[in-house]
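K.L.:
I have a structure I would like to understand better, so I am pasting it below and will then ask my questions one at a time.
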Amino acid sequence: MQRILIVEDEQKTGRYLQQGLVEEGYQADLFNNGRDGLGAASKGQYDLIILDVMLPFLDGWQIISALRETGHEEPVLFLTAKDNVRDKVKGLELGADDYLIKPFDFTELVARVRTLLRRARSQAATVCTIADMTVDMVRRTVIRSGKKIHLTGKEYVLLELLL
């Protein structure tokens, strides 16, 4: 069963999302503040993260930045009331895979979730993890102990051959 993390501070919206996703066959965990959401996401046990921007303690921008800086590549869907183009661009540039504006239609959300999970499954074969090192063969990036390692082209090709 695929696991989805929901980080949403509005109780009613969070419960609605959680219940709907469970009914769709997903395991959905809900956290209502940024600090707890980041803690859960950092464990890397989720296939997808649905993230609000305006959260107590840490906002969604800070959460996705922290996750991407430490090598977390799980798909992130921003679900937020922040509807101006600048915010959408910011979210996508920080590493979000999708951005949906509230209010939203649940069937559209589920379609986007399925698409992101399908894409993530097809990309999984392009990522190799050994101990604390992750090599992304498509992006040509190497992360070790949560830190990005910069390699020259030749170093990267050699590493790929050794894998």
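All of the numbers you see were taken from the coordinates with simple rules; none came from a lab. Just so we're clear, the structure is a prediction, and the values are computed from it rather than from any experiment. A quick note on method: Cβ atoms are made from the backbone with ideal geometry, for glycine too, and the neighbour counts reach across all protein chains shown.
K.L.:
Which percent, to the nearest 5, of DSSP beta bridges fully inside the chain are antiparallel?
P.N.:
For the chain, the DSSP antiparallel bridge percentage is about 40.
K.L.:
Another question about this same structure. Given H placed on each backbone N at 1.01 Å, which residues far from Ala28 in sequence or on other chains put an amide H within less than 5 Å of it?
P.N.:
Ile4
K.L.:
Compute the acute angle (0 to 90°) between the alpha-carbon long axis of helix 106-124 and the principal axis of greatest extent of the alpha-carbon atoms of the chain; round to the nearest 10°.
P.N.:
Helix 106-124 sits roughly 10 degrees off the main axis of the chain.
K.L.:
Just to be sure I follow the rule: in the chain, considering lysines 8 or more places apart or on different chains, how many pairs have Cα atoms under 28 Å apart?
P.N.:
19
K.L.:
Given the Cα-Cα distance of Phe104 and Ile130 and 0.36 nm per residue of separation, how much length would full extension add, in nm?
P.N.:
The Phe104-Ile130 span can extend by a further 5.4 nm.
K.L.:
Next question, about the same structure. Cα convex hull of the stretch 23-163: mean projected area in nm², to one decimal?
P.N.:
On the way: hull surface 37.7 nm².
Mean orientational projected area (the stretch 23-163, Cα hull): 9.4 nm².
K.L.:
Could I ask something else about it? Rounded to the nearest Å, what's the spacing between the alpha carbon centres of the stretch 100-163 and the stretch 19-79? Just the number, please.
P.N.:
16 Å
K.L.:
Further, regarding this structure: Provide the net charge surrounding Val127, with neighbours chosen by a C-beta distance below 10 Å and charges set as Lys +1, Arg +1, Asp -1, Glu -1.
P.N.:
Surrounding charge for Val127 is -1.
K.L.:
How far, in degrees from 0 to 90, does helix 60-69 lean away from the longest principal axis of the Cα atoms of the chain, to the nearest 10?
P.N.:
So the inclination is approximately 20 degrees.
K.L.:
Across the chain, where is the longest run that never hits chymotrypsin sites (Phe, Trp or Tyr not before Pro) in a DSSP loop with at most 16 other C-beta atoms within 10 Å?
P.N.:
Longest stretch, sites excluded: 105-163.
K.L.:
Only sites in a loop by DSSP and with at most 16 other Cβ atoms within 10 Å count here; which trypsin sites (Lys or Arg not before Pro) in the stretch 1-106 make the cut?
P.N.:
Those that pass, being in a loop and sparsely packed, are Lys43.
K.L.:
While we're on this one: Provide the FRET efficiency to the nearest 0.05 for the Arg15-Asn84 pair, computing r from the beta carbons and using R0 = 25 Å.
P.N.:
Efficiency at R0 = 25 Å is approximately 0.35.
K.L.:
What is the sum of charges around Asp83, taking Lys and Arg as +1, Asp and Glu as -1, for the other residues whose C-beta is under 14 Å from the C-beta of Asp83?
P.N.:
Local net charge: +3.
K.L.:
Taking 0.36 nm per intervening residue step and subtracting the Cα-Cα distance, what contour gain separates Leu151 from Val22 on full extension?
P.N.:
Working: separation 129, 0.36 × 129 = 46.44 nm, distance 4.21 nm.
Extra length available between Leu151 and Val22 comes to 42.2 nm.
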